[in-house]
Amino acid sequence: MTAEHDEQLEQALTGLTTWHGSVPQLWRRALGAAKVKRPRTSARLQWLMRQRLSAGVAASIIVIALGATIAINLPHLGVKYDRSQAARRRAPAASDLRGTEVAEEPIARTPILAEVAGLREGLYSLGYVGGEEMTAAGKFAPTGRGAPFPASIGRGMSRGRGGGPVPDASPSAQLSEGSIDDAATTEPRHIVRKATIELVTEDVRAAFRKAEMIVSEAGGEYVEDSSLTGTAENMRADLTLRVAADRLSEVMNELRDLGEVRSEKLTGEDVTTQVVDLEARLRNEQRVEVELLELLEKRQDAPLREILELRGTLSNVRGSIERLTAQRQRLSRLVSLATVLVIIRAEHAPAPPDEPTEFSIGTYFSEGVHKAWQKGLMLLADTCGFLLSVIVGGLIWWILLVLVFGAVWRYRRRSVAAADKP
Amino acid sequence: MKAEQTSDEDLLRAFARGGKAALAELARRYERPLLGFANGLLAGRNDRVACDVVQETWLRVIRYADSFDGRSGFKTWLYRIAINQCKTVWSARPEPASSELLSVRADSAAGPDRKVQDADLADQVRLAVAQLPPEQRLVVLLCYHSGMRHEQAAEILELPLGTLKSRLHAALRELRERLSAETKP
């Protein structure tokens with residue numbers, strides 16, 4: 001073909017894609033169709049779509065922050081929930097207690113069990129507890145009925161069924177409160193005394209024998225623990241003596257005569273409130289026991305089920321009495337017999353290793369390095385623990401995060417594809 | 001700034017913000033070329049099919065104006081949409097017969113001798129182009145479309161420039177062979 005033909009061909013090809021007619025304004029029809037088919041997106045959405053990348057990054061940061069926060073706080077949330085639940089269990093309202101009583105035991109409306117219920121309420125208001133218990137240290141612990149009560153019991157708080165301190169204005173509670181407080185102020189103090197004495201003597205064995213002899217077995221005193229270890233200069237005697245509390249100062253004087261006193265320590269723990277508290281509870285329990293027995297005696301013709309219920313309650317009360325009695329006896333022993341720990345060493349025994357008295361820059365430096373190393377290891381362990389807890393504890397959030405990232409990535413890819421090939 | 005001086009991309013953004021006049025300006029610039037290009041690609045079919053394709057193209061422009069990110073030019077984007085719509089028509093409707101291809105232009109071929117001669121050549125070329133494989137047909141029509149540079153055509157077809165040129169060369173050779181074969185007695 002010639003150049004002319006080529007030109008003709010090019011013109012023909014150009015003519016193939018040339019529109020010769022009038023332009024029918026198709027964009028207007030399309031605009032009308034678009035309004036019918038799809039409402040225009042809002043300006044906010046348009047901005048978001050234009051800023052897909054930044055929006056995705058922002059959303060990811062929010063999700064990460066949220067996930068991390070939840071992962072970190074998740075264990076604490078559980079603790080808070082447990083605490084709130086425990087508090088709710090510990091402190092039911094008096095009306096709740098009665099409601100529970102009726103709901104759980106509809107039979108309680110019958111005369112004999114109603115009286116049992118009344119006795120129970122009396123027990124609760126007087127401090128009878130079951131389930132969780134606040135220990136003297138102020139901690140709540142699941143205990144049986146009749147566990148030791150805190151001193152706060154007698155100061156304006158009675159106990160709910162769950163064992164929690166409940167503000168109670170009932171006359172019985174006020175009576176109980178007043179009686180315990182009065183008793184605590186009028187009772188003689190109950191002190192648990194403990195003493196420690198360290199002696200140095202030339203003859204450790206002889207001093208050890210003499211210390212054992214100080215105890216007056218006739219007066220109920222005894223040697224709780226004794227040991228004699230080592231030889232010659234390394235000989236050491238350890239004794240734990242239980243002596244009458246009123247004889248403590250006399251015993252200490254006798255011990256001082258056994259050698260040269262290196263150190264001496266005397267402590268006393270006031271358990272008066274505990275003793276008074278225990279005795280008040282014991283009296284209450286005994287009173288309830290008597291009333292239950294009387295009730296059982298009077299209502300022998302009651303249905304078997306009610307009698308069995310009554311016996312069960314009586315059994316619980318007796319168990320409580322036994323526990324309270326044992327606790328009172330233990331406290332009494334602690335109060336009546338003081339504990340004396342005696343340590344006897346040989347006179348020329350090598351001194352126990354003490355802190356270095358002379359300052360040395362080398363020692364100071366090595367100790368500093370040692371402490372820093374230990375702190376570093378602890379920090380590393382803490383960090384590992386934290387990371388592990390975040391990774392394992394927040395596993396579900398990590399999975400969600402991956403899914404969100406995947407969805408965002410797919411959405412973005414589709415959007416790009418749609419932009420190119422709508 | 002006058003609308004005539006505004007770039008296509010700015011007009012599209014203006015339309016995305018709600019300016020209908022911007023779309024009117026874009027249509028003024030591209031509706032006629034688009035109709036011609038679609039008509040050429042859909043040779044042998046009724047002009048209404050090309051109108052449908054162009055209307056659908058505008059509809060997509062309107063719908064996806066928000067998501068246009070400017071990574072390619074507006075013209076590239078617009079022609080890609082149009083080509084996709086034409087491909088949809090190709091796949092939905094069978095190719096017309098050769099006689100239909102000739103008869104389409106029969107009315108407009110009437111006139112003086114020169115026009116008749118040109119019309120005859122145009123019909124032959126139309127027939128020859130229609131017999132090309134789709135890829136070559138697309139390359140030829142796009143490259144000889146009014147005002148289209150080879151670089152733009154390569155971008156629209158997502159082909160390297162060298163590939164486009166080699167395909168165009170092959171397509172033209174094929175066309176010449178077919179045309180010379182038809183002119184031989």
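The values are calculated or read from the model by the stated rules, or taken from the named source; none is laboratory data. No experiment lies behind these values; they were computed from the predicted model shown. So basically every Cβ, Gly included, is an ideal-geometry build from the backbone, and we count neighbours across all protein chains shown. Heads up: the accessible areas ignore ligands, DNA and RNA and are worked out on the full protein's heavy atoms, side chains in. Shrake-Rupley method; radii C 1.70, N 1.55, O 1.52, S 1.80 Å.
If you go through region B:79-91 and pick out every residue that is under 12 Å from the mean Cα position of the chain (by Cα) and more than 8 Å from chain A (Cβ to nearest Cβ), you end up with 6. The numbered conditions (1) modelled with pLDDT of 90 or more; (2) open to solvent by less than 80 Å² (accessible area, probe 1.4 Å); (3) within 29 Å of the chain's Cα centre (by Cα) are all true for A:Val404 except (3). Tally the residues that are without any contact (Cβ under 8 Å) to a residue 40 or more places away in the chain, more than 9 Å from every other protein chain (Cβ to nearest Cβ) and not in a helix (DSSP H, G or I), restricting the search to region B:8-51. Residues in region B:8-51 being without any contact (Cβ under 8 Å) to a residue 40 or more places away in the chain, more than 9 Å from every other protein chain (Cβ to nearest Cβ) and not in a helix (DSSP H, G or I): 2 in total. Sort out which residues of region B:154-173 are crowded, with 16+ Cβ neighbours inside 10 Å and within 12 Å of chain A (Cβ to nearest Cβ), and write them in order of number. B:Glu155, B:Ile156, B:Leu168, B:Ala171, B:Leu172 - these are the residues of region B:154-173 that are crowded, with 16+ Cβ neighbours inside 10 Å and within 12 Å of chain A (Cβ to nearest Cβ).
Within region B:23-45, being open to solvent by less than 10 Å² (accessible area, probe 1.4 Å) and within 13 Å of B:Leu11 (Cβ to Cβ) holds for B:Leu23, B:Leu26, B:Ala27. Among the residues of region A:233-250, is there at least one that is within 35 Å of the chain's Cα centre (by Cα), of a type outside the set (Ser, Thr, Tyr) and open to solvent by 80 Å² or more (accessible area, probe 1.4 Å)? The answer is no; no qualifying residue exists. Among residues belonging to region A:197-218 that are closer than 20 Å to A:Leu337 by Cβ and open to solvent by less than 50 Å² (accessible area, probe 1.4 Å), point out the one that is nearest to the chain's Cα centre (by Cα). Selected residue: A:Ile197. With respect to (1) open to solvent by 70 Å² or more (accessible area, probe 1.4 Å); (2) modelled with pLDDT under 90, the lone exception for A:Val271 is condition (1). Note on region B:117-152: residues that are under 18 Å from B:Leu35 (Cβ atoms) and either of a type outside the set (D, E, K, R) or in contact with a strand residue (DSSP E or B) (Cβ under 8 Å, 6 or more places away or on another chain) (or both) amount to 10.
Filtering region B:52-78 to residues that are of a type in the set (S, T, N, Q) and either at the interface with chain A (Cβ under 7 Å from one of its Cβ atoms) or under 15 Å from the mean Cα position of the chain (by Cα) (or both) leaves B:Gln55, B:Thr57, B:Ser67, B:Thr76.
Would you be able to say whether some residue in region A:263-283 is small (Gly, Ala, Ser) and assigned to a helix (DSSP H, G or I)? Scanning region A:263-283, I find at least one residue that is small (Gly, Ala, Ser) and assigned to a helix (DSSP H, G or I), so the answer is yes.
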